[in-house]
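> Here you go, one structure.
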Amino acid sequence: MKKVLLLGAGYANLAFLTSLPKSVFNEAEFTIISRDKEHYHSILLHEVVSGARDKSVLFPVADVIPSQVKFIEDTIVEIQKNCVVGENETYLFDTLLVGLGFQSDSFNIPGIREYARSLVNYQEASDIRENIRKELLTLKNGEKDSLHFVVCGGGLSGVELVSSLADQLPKICRQLSVPYENIKLTCVEAMSSILPMFSRRLSSSAALYLQKKGVEILTNCKVLECRQDSVIVDRAGSREKIDASVVIWTAGVKGNKVIENSPFFTSARSRVEINEYLQPINQEHQEDMKNIFVLGDCGALKNPQTGKFYPPTAQIAMQQGMYLAKVIQDHFKGKFHIKPFKYHSQGCLCSLGEKNAVGLVGSTGEIKGRVALCIKHAVENKWRVKLKGLRGMIGSAS
Ligand SMILES: Cc1cc2nc3c(=O)[nH]c(=O)nc-3n(C[C@H](O)[C@H](O)[C@H](O)COP(=O)(O)OP(=O)(O)OC[C@H]3O[C@@H](n4cnc5c(N)ncnc54)[C@H](O)[C@@H]3O)c2cc1C
């Protein structure tokens, strides 16, 4: 039987496995390898940081994959021509699906890697929450008299994070008997507005809402350097120092470092360019890529209409996984003209804490307020139900 190896238990590969027709298990053996025993719902990691949720974003991989699929816990180090090197073992494959997700991109800004916290996986999210808690205790013990939490990046994840912190920190402060008035929250963005993917109307509405909640928003503010206790920025042409207790970097992501550590792939920003069949293109070793698919944030797919790469999102990762599940049997049979992948954007929503959201539904419809938040929650819950059936809804809010 053919050996199909899947790397990473994220949105792309789990959407693939949970959409496979049963008949495929007579044709191939499927093995999924992931560093983490649990799949984490990445689009909710900001809520793990703020304490709005915790373990409800985790799903044991072994519980959500079909029983015919083998799960191995290992950290992948390198992908080679016919095998994959893990920390524990080397794995052979006939067909490979790479779905290792993203890493933080510091753009080589000095001090970001050393002093800023990144938000890439569940462990990092819970470490940041612990870091914030420790800082709050220094306020309680009188070791510090004020705290400043700085979120760098006013894109989707930065804004969702700062909004969730603005909602949750007052509650945590009350529990710990810490004065919330002595805490400042800032979001730093290099562009002229936060959420630059939305219209001015939506991004201004989000900014105003956050400012009313006490969040300082610094736009046209470029991070030049991060230090242990501060961030150095260029703010409209002048160099400024912002004192900071905790700095969280959400301003850039790139593909997984396994891609850049694998000379087998030709890549840019740790992402492999792929065609509409999700297979690598423009590769030095193109001949050896026939049985390789790259999905989710590790793949760079061009929008045929604009010629630009689609931004990496869970939405496209899931659609790619579901597409591949439909065509993998054709691929096994060596059919060349399998249906190409077409991305259907269902929109993009940004939560602004527990009571508000802004975004686009479909390709143009702007939406904000509680209705937008309800749609966002419906999207999150759809994934839970895909993974666990209706059982996925139990305990989804904690
Ligand atoms: C705070 C935040 C909010 C977001 N909000 C949204 C949103 O609202 N909508 C949206 O569409 N997208 C959103 N995103 C982006 C989205 O999370 C990613 O695009 C998506 O997770 C990519 O899916 P993936 O399948 O490529 O990989 P992931 O889901 O990231 O999964 C990667 C998998 O690979 C495993 N892995 C990683 N390295 C190794 C290794 N070396 N060895 C073995 N296993 C490894 C991991 O354990 C994990 O199982 C958000 C991201 C963040 C951080």
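> Please tell me if TYR323 is within 24 Å of HIS39 (Cα to Cα), modelled with pLDDT of 95 or more and assigned to a helix (DSSP H, G or I).
In short, yes.
> Working carefully through the options LYS81, LYS3, find the one that is away from the ligand (no atom under 15 Å from the Cβ) and assigned to a loop (DSSP other than H, G, I, E, B).
LYS81
> Moving on. Hey, can you tell me all the residues within region 362-385 that are more than 13 Å from the ligand (Cβ to nearest atom) and open to solvent by 40 Å² or more (accessible area, probe 1.4 Å)?
Result: SER363, THR364, GLU366, LYS368, ARG370, VAL371, CYS374, VAL385.
> Quick check: is even one residue across region 27-37 more than 16 Å from the ligand (Cβ to nearest atom), at pLDDT below 95 and either farther than 30 Å from GLU135 by Cα or surrounded by fewer than 24 Cβ atoms within 10 Å (Cβ to Cβ) (or both)?
Yes, because at least one residue in region 27-37 is more than 16 Å from the ligand (Cβ to nearest atom), at pLDDT below 95 and either farther than 30 Å from GLU135 by Cα or surrounded by fewer than 24 Cβ atoms within 10 Å (Cβ to Cβ) (or both).
> In addition: What is the residue count in region 136-185 for residues that are open to solvent by 20 Å² or more (accessible area, probe 1.4 Å), part of a loop (DSSP other than H, G, I, E, B) and touching a residue at least 12 places away in the same chain (Cβ under 8 Å)?
Qualifying residue count, region 136-185: 6.
> Further question on the same structure: Please go through region 48-82 and pick out each residue that is over 27 Å from LYS382 (Cβ atoms) and either of a type in the set (Val, Ile, Thr) or open to solvent by less than 10 Å² (accessible area, probe 1.4 Å) (or both).
Listed by number, the residues that qualify are ILE72, ASP74, THR75, ILE76, VAL77, ILE79.
> Then there is this: Go through (1) of a type outside the set (Phe, Trp, Tyr); (2) more than 28 Å from ILE367 (Cβ to Cβ); (3) touching a strand residue (DSSP E or B) at 6+ places or on another chain (Cβ under 9 Å) and name the single condition ALA166 misses.
(2)
> Provide a single number: the residues in region 94-107 that are more than 15 Å from PHE264 (Cα to Cα) and away from the ligand (no atom under 12 Å from the Cβ).
Adding up the residues that qualify gives 5.
> In this structure, is VAL215 touching a strand residue (DSSP E or B) at 6+ places or on another chain (Cβ under 9 Å) and within 16 Å of the ligand (Cβ to nearest atom)?
Criteria not met by VAL215.
> Out of region 186-204, which residues are buried (at least 19 other Cβ atoms within 10 Å of the Cβ) and either outside any loop (DSSP other than H, G, I, E, B) or without any contact (Cβ under 8 Å) to a residue 24 or more places away in the chain (or both)?
THR186, CYS187, VAL188, LEU202, SER203 - these are the residues of region 186-204 that are buried (at least 19 other Cβ atoms within 10 Å of the Cβ) and either outside any loop (DSSP other than H, G, I, E, B) or without any contact (Cβ under 8 Å) to a residue 24 or more places away in the chain (or both).
> Report every pair of residues separated by at least 6 positions or lying on different chains whose Cβ atoms are under 7 Å apart, first residue within region 243-254 and free of Cβ contacts under 8 Å to residues at least 12 places away in the same chain, second surrounded by fewer than 23 Cβ atoms within 10 Å (Cβ to Cβ).
none
> Does at least one position in region 222-233 carry a residue that is within 30 Å of GLY347 (Cα to Cα) and surrounded by fewer than 21 Cβ atoms within 10 Å (Cβ to Cβ)?
yes
> Next up: For region 325-345, check the following and say yes or no: at least one residue is more than 30 Å from PHE265 (Cβ to Cβ), of a type in the set (D, E, K, R) and open to solvent by 70 Å² or more (accessible area, probe 1.4 Å).
No, there is no match, as no residue in region 325-345 is more than 30 Å from PHE265 (Cβ to Cβ), of a type in the set (D, E, K, R) and open to solvent by 70 Å² or more (accessible area, probe 1.4 Å).
The values are calculated or read from the model by the stated rules, or taken from the named source; none is laboratory data. In this text, all values refer to a predicted model and were calculated from it rather than measured experimentally. All Cβ positions, even for glycine, are placed from backbone atoms using ideal geometry, and neighbour counts span all protein chains on display. Side chains are part of the model used for accessible areas, which takes the heavy atoms of the whole protein and leaves out ligands, DNA and RNA. Shrake-Rupley method; radii C 1.70, N 1.55, O 1.52, S 1.80 Å.
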